[in-house]
Amino acid sequence: MQQFFAQPSQVRGGRIYLEGEDVNHIKNVLRMKPGEEVRISDGQGGRYLCCISGYAGGGAVLDIIGELEENTELPSQIWLFQGLPKGDKMDLIVQKAVELGVFSVVPFAARRSIVKFDDRKAKKKQERWQTIAKGAAGQSGRGRIPEIQPLKSFDEALRTAEDLDVILIPYELEEGMEQTAQVIENLMPGQSIGVFIGPEGGFEEAEVERAEHIGARRITLGKRILRTETAGLTTLSILMYHLESRNHNLKVRKE
């Protein structure tokens, strides 16, 4: 079932008054008729099952059938700090990271980043990535739209990460799968977790050392060298499985 997002102010009196591009998508692309059902999220965790009542003045009026109680967010906030890649790879990274439950994506320029953006182009890219994030959040049934932050320098990214509970940095020169497994095993639901991924050329050793100064832990993703668009999504997949499994087990024990 399709899901769309509304502002909390649009939810009132047992109805949702939807506006903007989502209305065009519902009415003219999906060709949904009054009486059909959709899911709506208010972007703050509230999710509703709705029935289309009708279209008026460029908007849509939806009757709330009931509130959906299932929480689709991860039990931890995961921040993906992504070294700026070439081409349109960032589009894929943002889309899949949102599907995997990321809380926020922070693109940054590393020493080995090939692509350079001026302020105007960086702003346009951020807007594009935020639009992709919204679409991916709706498609995957998220309760909120992850924020895609403005492009930062590496030092700015480190300052953003320094207050997080745990910072991980997959590094191709790191060895010791047992140590990595122990680091992952020690992660607990409720912690805020940052993941730093380098661009195509990887991190310089000096960058890794600067990350370690704010508490980052080096980890390995195995013996193979992964592309930048693969490394982040692999790490997020591992974290998603571990945190949701741990959260489920904790709930079972309490019951």
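The values are calculated or read from the model by the stated rules, or taken from the named source; none is laboratory data. Computed from a predicted structure; not experimentally measured. Positions of Cβ are generated from backbone atoms using ideal geometry, with glycine treated the same way; all protein chains shown enter the neighbour counts. The area values use the complete protein model at the heavy-atom level, side chains included, leaving out ligands, DNA and RNA. Shrake-Rupley method; radii C 1.70, N 1.55, O 1.52, S 1.80 Å.
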Among the candidates Ala97, Ala60, single out the residue that is within 19 Å of Gly138 (Cβ to Cβ), assigned to a helix (DSSP H, G or I) and touching a helix residue (DSSP H, G or I) at 6+ places or on another chain (Cβ under 8 Å). Ala97
With region 176-255 as the region, which helices (runs of 4 or more DSSP H) entirely inside it contain at least 1 residues that are under 19 Å from Leu74 (Cβ atoms) and open to solvent by less than 40 Å² (accessible area, probe 1.4 Å)? 177-185, 228-254
Taking region 126-141, which residues are open to solvent by less than 50 Å² (accessible area, probe 1.4 Å), out of contact with any helix residue (DSSP H, G or I) (no Cβ under 7 Å at 6 or more places or on another chain) and not polar (S, T, N, Q)? Gly135, Gly138, Gly141
Of everything in region 180-199, what is without any contact (Cβ under 8 Å) to a residue 12 or more places away in the chain and of a type outside the set (Gly, Ala, Ser)? Give them in sequence order. Gln182, Asn186
Right, Glu156: open to solvent by 10 Å² or more (accessible area, probe 1.4 Å), farther than 23 Å from Ser113 by Cβ and in contact (Cβ under 8 Å) with a residue 24 or more places away in the chain or not? no
In this structure, is Gln82 open to solvent by less than 50 Å² (accessible area, probe 1.4 Å), on the phi < 0 side of the Ramachandran plot and touching a Ser or Thr at 6+ places or on another chain (Cβ under 8 Å)? yes
Which one is least open to solvent (accessible area, probe 1.4 Å), of the residues in region 13-44 that are aliphatic (A, V, I, L, M) and in a loop (DSSP other than H, G, I, E, B)? Met32
